[in-house]
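Chemist: One structure is given below, represented as structure tokens, and several questions about it will come after.
Readers should treat all values here as calculations from the given coordinates under stated rules, not as data from a laboratory. The structure presented is a predicted model; accordingly, all values stated were derived computationally and were not measured. Neighbour counts run over all protein chains shown; Cβ positions are idealised from the backbone, glycine included.
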């Protein structure tokens, strides 16, 4: 579409005609404009700007709607003006006749675009505040919707809080649950942060108002926990937050998968989603993963920094304070974690086999009172069982009751799990994150319960898998555990030690490296 070849009428949003038969000239003049504030035009980014002869903006058009094969542009008074008027620029048809009745024809479009114009105004105000303030501190917002993922950011938050040139705000929000098609669990995040003594504000339901509050805070940097837009309320999705510098620390400890679907030409969901492309900084675990992300990223990796991973550091530190939820008298029993994955459906990651294994695990726990079993499900597992109609609510509660009734079993959900891993003797898991994270405790055997239908591993993942014992059934896993208990033989311990050194090039230093990088490179 070439603007200089078209004729437009300019209306206020109530239908009042302001200018008729105006044309945009190649030299920047507006032919037919009567008001001195609308004598010139220009393109700024994707916006049409009308100005006076001194190039002072009067109207900014940021939204476009195609209507009856013609175009309509929606805009509002420029920043700094006293009014908040909104305007509609209609393309005329070839005969030059007015072809739309604004008040009747485009009312639905106005309602749809009203919110977008509000976002534009708020963002313009935010940019104005940021450019006018004296930037003595770096203001950072952590937007938290999943407490079980907080370990990836908690140490970054703690380091920033200790530095005088950072101002830190934490805000909670709910996350999306497929089974209920709703956003929930903000209370869980709130309570988790309360227990850790982390001051925070709460965004529970009115997300449009919450976005206005975020803009009023004027953050220089926003950390979001996940790149998946579907997990996040719409006003907190990438396109609404890119007025600030977006930063991302992966919520998992190490990316070990080559692809997340079976599509041959899929984009790389670990490094090249829209969120990744819009990030100012993405912090990467180690050099091998940096090279992979650089290759997969459409941006070429210019926003990726190798830092180590705070989540792995947090697990490493947890060795100092192990905690086990089962309290028993007498001699210490063997402590085994069972960590099933949530992908029990077909067509995505396909690691989960809980429906095929939960009965055998219950039987094992009943038959082995000298072993203590802690079930640590993926945070989405129980929700997925309901979503795929594998269990209903009653059946899910029945399973939990059967598991918890035994003196040598426990269920661990939510929050920090580093101390649990530190207190254990071994783990059985279907994947994915625990396959890497448990090898931080490289002296403990790790058994991979293989679904034999899961997505393939990348080169880093293949190395990680060399440190695991493989089984496809619970009886096979029992044999591995019994052999280790009887013989004390763990031939893969040396490989897990190598994996630890690969995963954690700077043990305990990741959060400090991230904050140092932000401090060194941000321009306020």
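Chemist: Looking at (1) 26.4; (2) 28.6; (3) 32.5, which value of mean projected area of the Cα convex hull in nm² comes from a calculation on the structure shown?
Modeler: (2)
Chemist: I'd like the orientation of helix 354-367 relative to the chain: the angle between its Cα long axis and the longest Cα principal axis, in ° from 0 to 90, rounded to 10.
Modeler: 30 degrees
Chemist: Using the Cα atoms of the stretch 409-460 to build a convex hull, what is its mean projected area in square nanometres? Please report the intermediate quantities before stating the final value.
Modeler: On the way: hull surface 18.8 nm².
For the stretch 409-460, the mean projected area of the Cα convex hull comes to 4.7 nm².
Chemist: A further question on this structure: Please express the Cα-Cα pair-distance distribution P(r) of the stretch 388-524 as a list of whole percents, one per 10 Å bin, running from 0 to the bin with the greatest distance.
Modeler: 9, 30, 33, 18, 8, 2, 0
Chemist: Between helix 474-487 and the chain, what is the angle of the helix's C-alpha long axis to the longest principal axis, kept within 0 to 90° and rounded to the nearest 10?
Modeler: 50 degrees
Chemist: Roughly how tilted is helix 107-132, in degrees to the nearest 10 and between 0 and 90, from the longest Cα axis of the chain?
Modeler: The angle comes out at about 80 degrees.
Chemist: Rg (Å, one decimal) plus Dmax (Å, integer) for the alpha carbons of the stretch 349-431?
Modeler: Looking at the stretch 349-431, its Cα Rg and Dmax stand at 13.0, 35 Å.
Chemist: Right, another one. May I ask you to derive the relative contact order of the chain, considering only C-alpha pairs under 8 Å and at least 6 residues apart, and to give it as an integer percent? If you can, show how the numbers build up before the last one.
Modeler: Details: 946 pairs, mean separation 60.9, N = 524.
Contact order relative to length: 12 percent.
Chemist: Another question, then. So how do 341-354, 456-469 stack up, highest first, on mean other-Cβ count within 10 Å? Before the final figure, lay out the partial values.
Modeler: Details: 341-354: 20.1, 456-469: 18.2.
Most protected by this proxy first, the peptides run 341-354, 456-469.
Chemist: Taking a quarter of the surface of the Cα convex hull of the stretch 131-214, what do you get in nm²? Display every interim value, and only then the final one.
Modeler: Working: hull surface 26.7 nm².
Hull-based average projected area comes out at 6.7 nm².
Chemist: Another question, if that's okay. Let me have the 222 nm mean residue ellipticity of the chain computed from DSSP H runs of 4+ only, each contributing -39500 (n - 2.57), with the sum over all residues rounded to the nearest 500. Can you show the working numbers first?
Modeler: Working: 18 runs with 175 residues, N = 524.
Computed ellipticity for the chain at 222 nm equals -9500 deg cm²/dmol.
Chemist: Which value in nm describes the separation of the simple spin-label points at residue 476 and residue 182, placed 7 Å from the Cα toward the beta carbon?
Modeler: 4.2 nm
Chemist: Here's something else I'd like to know. Go from 0 up to the bin containing the longest alpha carbon distance in the stretch 287-348, width 10 Å each, and give me the % of pairs per bin.
Modeler: Calculated over all Cα pairs of the stretch 287-348, the distribution is 14, 23, 28, 23, 10, 3 percent.
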